[in-house]
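Every number in this text was worked out from the coordinates using simple rules, so none of it is lab data. Nothing here was measured: the structure is a model prediction, and the numbers come from that model. Every residue, glycine among them, receives a Cβ derived from its backbone with ideal geometry; neighbour counts consider all protein chains shown.
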């Protein structure tokens, strides 16, 4: 079992908005299961600065928490992922410099990969491809972002990350509404397809047994899309899938090859255990950590927990996380 972070680190997480997900993965080539720790953020929106008021932004604490958790769980077995909207709708300190300060912080923290969010297109696709992505040094993933009239990807569809001898395929997708949320001129010649269809297409490729297609031991989906309501607003998995066709398709339509689902965009906080379609008795985590570094969600096999400034919601759940994952503590 991975060591428990210090109380200071867990307190800082309430402001950092990080998701901690421990996945115990068993690959055929490995003699014993391997624990993978995922630190995830979503909808950071350029929260760069220092504010001592309760609930205020503190970039140093945010960064320090990420580093402390990496040290606690082992940097060699830890990934840092984002579900998008790292930039855009930012605080002045970041916005005045075209969000370069936020990009630089995330690069310094070693963000491994990010789903692209709609706000990454605020200054147009050319700015994203030519400036934001190169400056960050991490891939922005958009499996459903196509050149108009085709399925040719504008962005990388997935990132293949190696952790403890395992190949982790991270597939990213953005809300299909992106074209209506940004300046049309900035995304001219680009189409946004169905995110679940795109994730499933890539997940099938990564698990088809052909090494030439980038075979993955574990596949994680990172959607910049999510549930309309979180746990603090009375949201439940059952209610949100009934009320939202978009979220229902993410939960019930994402291929069973996907081990875990990270979400964003709706600025909600939840950590639910969702049934895997077509595989009775098997579940996988689906999570979102709120917005703007405001919540701490922690998830692991056998437990899903979400902590917030204003309270706490615990949901213990048994079950495996997905393909190649076994139950663990």
*Once you have all Cα-Cα distances for region 221-269, histogram them in 10 Å bins from zero and send the whole-percent values.*
28, 59, 13, 0
*Three-way shape call for region 47-128 based on the alpha-carbon gyration tensor, with the a/c threshold at 1.5*: oblate
_residue 92 paired with residue 152, simple spin-label distance in nm, labels 7 Å along Cα-to-beta-carbon_ = 4.4
*What spacing in nm lies between the two simple spin-label points modelled at residue 50 and residue 129, each 7 Å away from Cα in the Cβ direction?*
4.0
*asked:* Based only on other Cβ atoms within 10 Å, what is the fewest-to-most ordering of 224, 267, 45?
replied: 267, 45, 224
*For region 100-164, rounded, prolate or oblate, judged on the Cα gyration tensor with a ≥ b ≥ c (square roots of eigenvalues), a/c < 1.5 rounded, else prolate if a/b > b/c?*
oblate
*Is region 108-266 best put as rounded, prolate or oblate by its Cα gyration tensor, with a ≥ b ≥ c the root eigenvalues, rounded for a/c under 1.5, and otherwise prolate when a/b is larger than b/c, oblate when not?*
rounded
*At a temperature of 4 °C and a viscosity of 1.567 mPa s, determine how fast region 182-292 diffuses translationally according to Stokes-Einstein, using the Kirkwood radius over alpha-carbon pairs as Rh; express D in µm²/s, rounded to the nearest whole number.*
86
*asked:* Taking the number of other C-beta atoms within 10 Å as the exposure measure, put 135, 167 in order starting with the fewest.
replied: 135, 167
*Compute the separation of the alpha-carbon centres of region 82-98 and region 171-229 and state it in Å as a whole number.*
22
*asked:* Just to be sure I understand the model, the point goes 7 Å from the Cα along the line to the Cβ. What's the resulting residue 252 to residue 164 distance in nm?
replied: 3.4
*Which of 94, 114, 150 comes first, and how do the rest follow, when ranked by fewest Cβ neighbours within 10 Å?*
150, 94, 114
